[in-house]
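See below for the structure under consideration.
Just so it is clear, none of the values below were taken in a lab; they were calculated from the coordinates. Because the structure is predicted, anything quoted here is derived from the model rather than measured. No Cβ is skipped: glycine too gets one built from the backbone with ideal geometry, and neighbour counts run over all protein chains shown.
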Amino acid sequence: MSFIPSYKKISDEMFTGRISQADEILKSCASCPRNCFVDRTSGELGTCRSGDKPIVSSYTPHFGEEPVLSGTNGAGNIFFGNCNLRCDYCQNFVISQNPKVEINNEVSVDRLSDIILELQNMNCHNIGLVSPTHFAMTILKSIKLAIGNGLRLPIIYNSNGYDSVEILKLYKDVVDIYLPDFKYGDNDYGRRYSKAPDYFHNVKFAIREMNEQLGSELVYENGVVVRGLIIRHLVLPNGLAETEEVFKFISRELDPKVHISVMAQYYPTNRASKNILLDRKINQTEYVRVLELLEKYNLENGWIQELESSESYRPFFNDDRLDPFGNERDLELADVQSRQ
């Protein structure tokens, strides 16, 4: 039997009620733990420098996610501009920390709904909402419209982990796959490198909520994950991610069976060159230490990038190509398939 996305089981009345709640939150914004309380519907801007319309910087079938998400046809990723964090080393800084330019990429709720369906027509396996946190309220409307027009793919909520539990509750049974970052196991590092002094404190609440919604088991269909939680952890040089505290929390307070994607792709970009502790890739000793910590905390499920992966996964959002990861040939194939 084919997988049925959870949102197919939500009543229209319940979905409409959640959208109404989201609209109220947008008027005194608490879309993330920063709680700026600005009225984004009247043009007031908080830390994310975003109004009430979503900013779509790029959208494409993406083949660089975990293999169980990219599959053979790619994840249908939508990259949202601006961000509620200010990571010194953000590889997407061209779109995440450039609000004066990104304002030009604002789209309507209807247009975002169309984009979702375009990616489905490209035969993507899922719809990946990349950095959705600050637009989460508005995205709900687009998802509802897309469902009414035939959306049938599972939705991935791919966030930096600095999410509001209240908002995540609105996404219960809307999202079938959570793909959060767990950046730091220390609040001070979150303050220094992402300008979020309470990151570790709040990410624990957010990921606990995701785990309660979906549990630790992954559900597959034809080799591709259609439901579940995958936690990403980017290894930083000089132990700046405080990896042991991250793994300890997952193992002892969630479930050691949770799937973890350990990312070794860090490379110094954005403002990293200004900080000697960030201005290099991770080394073999640091890499091996992370593998030892996985074993120490009995975290056996998931994926580990090769140490050399820092030479890959580098996006070019300021390039003229539709796909910032350079998958032109795959895009052409997907386009041919969508027209057949």
Tell me which lysines have Cα within less than 30 Å of LYS248's Cα, excluding those fewer than 8 residues away on the same chain? LYS169, LYS172, LYS183, LYS195, LYS204, LYS257, LYS281, LYS296
If packing is taken as the mean number of other Cβ atoms within 10 Å per residue, what is the order of 43-53, 114-124, highest first? 114-124, 43-53
If all Cα-Cα distances of the stretch 49-117 are sorted into 10 Å bins from 0 onward, what percent lands in each bin, rounded to whole numbers? 20, 42, 33, 5
Unit charges at the beta carbon, dipole of the chain: most positive-side option, PHE80, LEU26, LEU151: LEU26
For GLY74, distant residues with modelled amide H under 5 Å away: HIS125
Most mobile listed residue (VAL203, VAL258, VAL219) in the chain, GNM with C-alpha springs under 10 Å: VAL219
Could you list SER96, SER57 in order of exposure, starting from the residue whose Cβ has the fewest other Cβ atoms within 10 Å? SER57, SER96
Could you calculate, for the chain, the ratio of the Cα radius of gyration to the Kirkwood radius, expressed as Rg to Rh? 0.94
Charge dipole (debye, nearest 20) of the stretch 6-339; +1 at Cβ of Lys and Arg, -1 at Cβ of Asp and Glu: 580 debye
Beta bridge orientation in the stretch 6-339: antiparallel %, DSSP, nearest 5: 30 percent
What is the distance in Å between the Cα centres of the stretch 134-158 and the stretch 160-224? 18 Å
Would you mind ranking LYS141, LYS169 by Cβ crowding within 10 Å, fewest neighbours first? LYS169, LYS141
Spelling it out for TRP303: with amide H atoms placed in the peptide plane at 1.01 Å from N, the residues 5 or more places away or on another chain with amide H under 5 Å from its amide H are ILE260, SER261, VAL262
